[in-house]
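Quick notes on the structure that follows.
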Amino acid sequence: MSVIPFLSLREQTAALREEVLQGLASVIDSQGFANGPAVAKFEKELATFLGVSDAVAVNTGTTSLHAALLCAGVSPGDDVLTVSHTWISTSWAITYAGAKPVFVDIDPTTCGMDPKLVERALTPKTKAILPVHLYGQPVDLDPILEIAKARKIPVIEDCAQSLGAKYKGRQTGSLGLVNATSFYPGKNLGAFGEGGALMTSDAGIAARARRLRDHAQEGRHNHVEIGFNWRMDGFQGAVLSVKLPHLDKWNARRREIAAIYRAGLSDQKGLTLLGEHAWSTPIWHIFPVFHAKRDDFRARLEAKGVQSGVHYPRPIHLQPAYASLGYKSGSLPESEKAATTEISLPMFPELSDESAHKVVQAVRDVCAELA
Ligand SMILES: Cc1ncc(COP(=O)(O)O)c(C=O)c1O
C-alpha cells in the first residue's frame, strides 16, 4: 500500500535543485557566508512581496519574534497578550524579552486570538499584543489593531505559518508595527536549514533590528547596546531567493487542495473543519480537522495509508515550563479543545488531486467507523 505523507519536500526540492545549486555557488564565489549579498537580496525581495519597507533576515523564526518584541519596546516586567494554542516559540520569545505571556483564548473559527476577549485580558502592564496566524488562517486583526491603537501599544503578527495569506486583501506580516516569520524547512517558504525574518515599515525599527542581529554594532567594533549573533547564513538567503517567486503559486495550490478537502468532508458527522471568512484568504499551511476521538482517528487513518500530524497536542499554558504562570486545565477552553481534538491532514503543494481525493475517502471511512 502506498502511503500519503503528511508532508514531503522531495518533489519541490528536486524541481529547484539546479537553480538552488547555482545560488549556493554564487554565495561561495562571493564569500558572503554570514549575511552578505544573497541575504540582502532576499530581504529586498521579501519586503517587496509583503509591501513593507524592510525585511530583516535572522537565523530562526524564534529569533525574529524575540527581535520584534525588543524592537517594539517590550522590556522586563511587561505583559504581552498572545495565544496558548501555537508553537511554543511565540511564548519563548516573550519570555526571552523578559516579559510575561498573558494568554487569550482562541476563536474556534480561525484558531487564532479571539478579538472579543482581548479588551478584558489587558492589564496595566500590557505593552504589546502578539496574535498568531496559525495554520495560515488570518486572525480577525482589525478589532485587535483598534484596541491596541486606543491603548497606544503595538501589535506584532506571528506569520510563521501565514506567508502570503491575506486579511481583507492585505498581506499578513504587513499589518502590525513589526512582524515575524520563520523559514524552518517545513514552512510554506522553507529554507534548507534554519531561518527567520522580521518585517516592518518603521525605519527606526529596521535599523535597530539590523544592529541587534550583528552584535549591536553601529560601525565596526562600536557596540551601542547588548547585541546578539542572529545573522542568517548566506546559503539560506540564496535558497529563499530561488523559492520566493514560487510562493504565490504554491499557496494557490494549497487552496485548491483545501477546497477538495472541504468539499469532501464538510458533511461528516463528528468532524469539524475551519471555514474561510469573507475577509480572509488563508494559505492552509496546515489543514486541521477536529474529532473527539483523535488518537483512534489517526491510527485508523494511518492504517488506510494516510499520515497525519498534530498541531499542537498540549497548549502552552499547560506546559511544565510555564507552570509558574498559574494557569489550570479549563483556563482557556477553546485552546484546550483544539489541542485535544486537532488532526492535520496531508498538505503540501505537490500533493496530487488523486492523493487529496484518497485522503477524503479515507477520512470519510474513518468517520463512518467511529460514528
Ligand atoms: C507559529 C510559529 N511561531 C514561531 C515559530 C518559530 O520558528 P522557528 O522554528 O524558525 O524558530 C514557528 C515555527 O516553528 C511557528 O510555527
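General remarks:
- Three-way shape call for region 40-144 based on the alpha-carbon gyration tensor, with the a/c threshold at 1.5: oblate
- For ARG364 and GLN31, the difference between the fully extended length at 0.36 nm per residue and the C-alpha to C-alpha distance is 114.5 nm.
- DSSP bridge pairs, the chain: antiparallel proportion in percent, nearest 5: 70 percent
- Whether the chain is rounded, prolate or oblate, judged on the alpha carbon gyration tensor where a/c under 1.5 counts as rounded: oblate
- Shape class for region 203-318, computed from the alpha carbon gyration tensor (a ≥ b ≥ c): prolate, with a/c not under 1.5 and a/b above b/c.
- Contact order normalised by residue count of region 207-256, Cα under 8 Å, 6+ apart, percent: 24 percent
- Contact order for region 235-329, expressed relative to its length and based on alpha carbon pairs under 8 Å spaced 6+ residues apart, stands at 17 percent.
- Residue-averaged 222 nm ellipticity for the chain, from DSSP H runs of 4+ at -39500 (n - 2.57), nearest 500: -12500 deg cm²/dmol
- Relative contact order (percent, whole number), the chain, Cα cutoff 8 Å, 6+ residue spacing: 22 percent
- Amide N of region 21-45 lying under 12 Å from the label point, which is placed 7 angstrom from the Cα of ALA15 along Cα→Cβ: none
- For LYS116, the lysines whose Cα falls under 19 Å of its own Cα, not counting residues fewer than eight places away in the same chain, are LYS127, LYS149, LYS152, LYS168, LYS337.
- Charge tally in the Cβ shell below 12 Å around SER352, where Lys, Arg are +1 and Asp, Glu are -1, SER352 excluded: -3
- Proxy reagent accessibility, fewest Cβ within 10 Å first, across HIS246, HIS285: HIS246, HIS285
- Gaussian network model of the chain, Cα within-10 Å springs - most flexible of SER64, SER280, SER182: SER280
Here, each number is a calculation from the coordinates, and none is a lab measurement. Here the structure is a predicted model, which means the values were calculated and not measured. Glycine also receives a Cβ, built like all others from the backbone with ideal geometry; neighbour counts cover every protein chain displayed.
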